[in-house]
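Data block below; observations after.
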Amino acid sequence: MNTQVRHITNFIHQWAPPGMKMSYDNVGLLIGDPASPVSRILVCLDVTEEVVDEALEKKCELIVSHHPLIFKEISRINPIDEQGRIIYKMIRNNIALISAHTNLDAALDGVSFVLANNLGLDDLQFLDKAYNISRRISLTTDYEDTEAVLKLLNYHSAEEAHFHEVDGRKGGQKQFEAIIDKHNVLPLRKALEKEGLLKKGSFQEMEMATPTNNFGMGVLGYYPDNGIAMDEFLHLVCRALDVPSLRYSGRAERIKKVAVCGGAGVFLKQPAMKAGADAFVTADIKYHEFFTEKPNFLLVDAGHYESEFPVVEAIRKELSEAFEQMDVYSVDAVSNPMKIYVTNFDTKNL
């Protein structure tokens, strides 16, 4: 079977469902025909003219980006500005674009998990589990093949799937129960309907108060034993993200418990402190946000591009393993618009 754009889209949406994106965001297939064949993919953080030229050079039919090229509605597409030139060139050369942004930020093994792994942290878990998306579902049916029903539930990522005989009902009816994330409920209902298992009143969905373990924001992780010294930690962050300098505030003698959020994550500063983190690594911190209000707490701004770029290789690896016949490349072009100048003399005010 020839791989098409829609197959890649479906794979990414299973990892990072579009329903998990922030309200302002724009994710999924942004440019291109879902039925177009794909043999080569370029993975990037930002879609720039240089990135599109690289895709053309490598004969890629698809670009997968973290940051969406199109955020707001556009009224015209022509090559008189940068966005117009990029879209115009991609359409003319039949290059499709899929973006996974805040939905990938919120996903298990998404942006912040990749950052935490790069920093060598263990025992990873979500920092903010405020995504109350879990649903308890029940299905009452007289269908005899219980294994087939359980297999269908598991295919749609249902957890704790089980069944029991319904007492006092004729026809040997059974009730299946499971826990499932809300974005999987509709596909499950369609699958049940297709198999003739969905009858009036037979399917019920209930919201659960407990948060899901599959989605959240930010990540908590640990260094073994007593952790590492602060200077060693700062050096480790620089080496892991290949940056010559960091902005930071606060102080902690030993760093053991670390919170991270790739990209702009300072909104998680309070949850990080509340969780007892010794350090929080994120990006885009403003001046007044550097005041930590808590002793023994280190706040680090590693840069937006720098803290998110590791996810490019993670996406490439996932796609390469899922589509073995595909050539998948991490972008060579550097799209970071920010440059850093490091002076070689001491400044008295820093």
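The values are calculated or read from the model by the stated rules, or taken from the named source; none is laboratory data. A quick note: this is a predicted structure, and the numbers were derived from the prediction, not measured. For neighbour counting, all protein chains shown are included, and Cβ atoms are generated from backbone atoms with ideal geometry for every residue, glycine included.
At-a-glance table
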read-out	value
Considering residues of segment 84-116 that are without any contact (Cβ under 8 Å) to a residue 60 or more places away in the chain and either out of contact with any helix residue (DSSP H, G or I) (no Cβ under 8 Å at 6 or more places or on another chain) or charged (D, E, K, R) (or both) only, the residue nearest to K182 (Cα to Cα)	I87
Among residues of segment 107-124, those that are more than 12 Å from W15 (Cβ to Cβ) and modelled with pLDDT under 95, counted	0
Where N154 falls short, out of the listed (1) in a strand (DSSP E or B); (2) modelled with pLDDT of 85 or more	(1)
Yes/no for E308 being acidic (D, E) and touching a strand residue (DSSP E or B) at 6+ places or on another chain (Cβ under 7 Å)	yes
Test: residue in segment 51-74 that is of a type in the set (G, A, S), assigned by TED's automatic domain parsing to the domain that holds K21 and in a helix (DSSP H, G or I)	yes
Matching option when the condition is within 23 Å of the chain's Cα centre (by Cα), in a loop (DSSP other than H, G, I, E, B) and surrounded by 19 or more Cβ atoms within 10 Å (Cβ to Cβ), among D46, D25	D46
1 or more residues within 18 Å of P17 (Cα to Cα): qualifying helices (runs of 4 or more DSSP H) within segment 79-129	102-105, 111-118
Condition check for E54: at pLDDT 95 or above, farther than 22 Å from P18 by Cα, more than 17 Å from the chain's Cα centre (by Cα) and not aromatic (F, W, Y)	yes
All positions within segment 1-12 that are surrounded by fewer than 20 Cβ atoms within 10 Å (Cβ to Cβ) and not aromatic (F, W, Y)	M1, N2, T3, Q4, R6, H7, N10
Filter pass, A279 being in contact (Cβ under 8 Å) with a residue 12 or more places away in the chain, more than 30 Å from V5 (Cα to Cα), crowded, with 20+ Cβ neighbours inside 10 Å and under 17 Å from the mean Cα position of the chain (by Cα)	no
Selection count where residues are touching a Cys at 6+ places or on another chain (Cβ under 9 Å) and assigned to a strand (DSSP E or B), scope segment 28-38	0
Y287 at pLDDT 95 or above and over 24 Å from the mean Cα position of the chain (by Cα)	yes
Unmet requirement for E205, which otherwise passes all of (1) of a type in the set (D, E); (2) in a strand (DSSP E or B); (3) free of Cβ contacts under 8 Å to residues at least 60 places away in the same chain	(3)
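Yes/no matrix, rows are residues, columns are (1) hydroxyl-bearing (S, T, Y); (2) within 24 Å of the chain's Cα centre (by Cα); (3) not assigned by TED's automatic domain parsing to the domain that holds Y222:
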{"position": "L150", "(1), (2), (3)": "no, no, yes"}
{"position": "N154", "(1), (2), (3)": "no, yes, yes"}
{"position": "S157", "(1), (2), (3)": "yes, yes, yes"}
{"position": "H162", "(1), (2), (3)": "no, no, yes"}
{"position": "E165", "(1), (2), (3)": "no, no, yes"}
{"position": "D181", "(1), (2), (3)": "no, yes, yes"}
{"position": "V185", "(1), (2), (3)": "no, yes, yes"}
{"position": "A191", "(1), (2), (3)": "no, no, yes"}
{"position": "L198", "(1), (2), (3)": "no, no, yes"}
